[in-house]
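Please read the structure below before turning to the comments.
The numbers here are math on the coordinates, done by the rules we state, and not lab data. Note that the structure is a prediction, hence the values are computed from the model and not measured. We place every Cβ from the backbone using ideal geometry, glycine too, and count neighbours over all the protein chains shown.
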Amino acid sequence: MIADFHAQAIAHTQGGRLVGVATRNGDNARAFAQKHGLALATTRIDELVARPDIHVVCITTPSGAHLEPALAAIRAGKHLIVEKPIEITTERADELLRAADAAGVKVTPIFQARFGEGARMIKAAVEAGRFGRMINASASIKWHRSLAYYTGWKGSLQLDGGGALINQGIHAIDLLQWFAGMPSEVFCWKTRRVYGHIEAEDTATAVLRFPSGALGAIEATTAAWPGWARRIELCGEKGSVLLDGDHIAKWEFRDSLPGDDAIRAARDSDALGSGASAPGAINFEGHRRQIQDLIDSIHEHRPVAIDGHEARKALALIRGLYASAATGAPQPL
């Protein structure tokens, strides 16, 4: 499913062209190639990365199978776009990043939520110091996934790496740490409230302590009907905001600036779409923006907007949440 989003996004970039596909099932490879008009369809990653007309490889395998095809692409000198999470453990992520750094190739992880207009306005307000001292920073991901969704690798520890936190919650968790920084300590509970047949959690709640002394919380579930857009709340001594999907639902600061009224008056619009009720309900615009950034970064000889080391932060935070839930104790990060 996500490979289709990548294909559509690439088709709408300037300077990008989809060349070929590799996947283990030959019938799937041929069907994908026919759908997107590709000359190359193979079951061998080495055949794909050997092509001199391929400069970037998109890794859209199950989460716990990102490392091996990524290493094959790195050995061939290809840049990488890697779906979230970059891998399911920090050890596997670090192996990927060490190899990429040594080879001098770019790695951009898919965190398309950072390319939303609402998210970027909040990041700018944080960097401008408009919140003053941060008091509370929280994320809520109350989504719905059907029983039929949890088949195959979904919800497995070996290939999904976990459940509602690492798969669905990771975009909100990445935004939260992008805005507020990494917590210094976390405490988490997780459980299976509805989907008892999967290995991973369908529901989790965590509390956070930040180095500044600010506190926060993360709520994540895939068992809530009908599913709401993710919410990020930042509350500071001088102002507070609420991001609903990518729509700024609240924008209140003690010291007003020109443009604040326009932000508050903007109608509800989320150009990136929301996967709150179904994974296919997003659109490819967020992917297009991020893939375009990689293309431009190659031509302009500059870093990508989000690199692989940034992707490690959300993964490390989530692994800390899982460690806390496993031990029943606070976990330092």
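Axis of helix 2-11 versus longest Cα principal axis of the chain: the two differ by about 80°, to the nearest ten degrees. The lysines whose alpha-carbon is closer than 18 Å to the alpha-carbon of residue 142, local same-chain residues fewer than 8 away aside, are 154, 190.
So how do 108-114, 203-209 stack up, highest first, on mean other-Cβ count within 10 Å?
Details: 108-114: 24.1, 203-209: 21.6.
Going from most to least packed, we get 108-114, 203-209.
Charge tally for residue 220 (other residues, Cβ to Cβ under 11 Å; Lys, Arg +1; Asp, Glu -1): 0. Near residue 210: Cβ cut-off under 12 Å, other residues only, Lys/Arg at +1 and Asp/Glu at -1. The net charge is +1. Take the Cβ atoms of residue 11 and residue 228, set R0 to 35 Å, and the FRET efficiency comes out at 0.65. Where both bridge residues fall in the chain, DSSP classifies roughly 65% of the beta bridges as antiparallel. Compared with the dominant principal axis of the Cα atoms in the chain, helix 117-127 is inclined by about 60°.
Sorted from greatest to least, the principal axis extents spanned by the alpha carbons of region 275-333 come out as 48, 33, 9 Å. From most to least packed by mean Cβ count within 10 Å, the peptides 191-198, 146-153 give 191-198, 146-153. Computed extension gain for residue 199 through residue 1, at 0.36 nm per residue and net of the alpha carbon distance, reaches 69.1 nm.
Simple spin-label estimate for residue 120 and residue 75 gives 3.9 nm between the two label positions (7 Å along the Cα-to-Cβ direction from each Cα). Measuring how big the chain is from its alpha-carbon positions, Rg and Dmax come out at 19.9, 60 Å. Three semi-axes describe the equivalent ellipsoid of region 166-325; taken as square roots of 5 times the Cα gyration tensor eigenvalues and ordered largest first, they are 26, 22, 19 Å. May I ask you to list the residues of region 97-125 whose amide nitrogen lies under 17 Å from a point 7 Å from Cα along the Cα→beta-carbon direction of residue 257? Zone members listed by number: 117-125.
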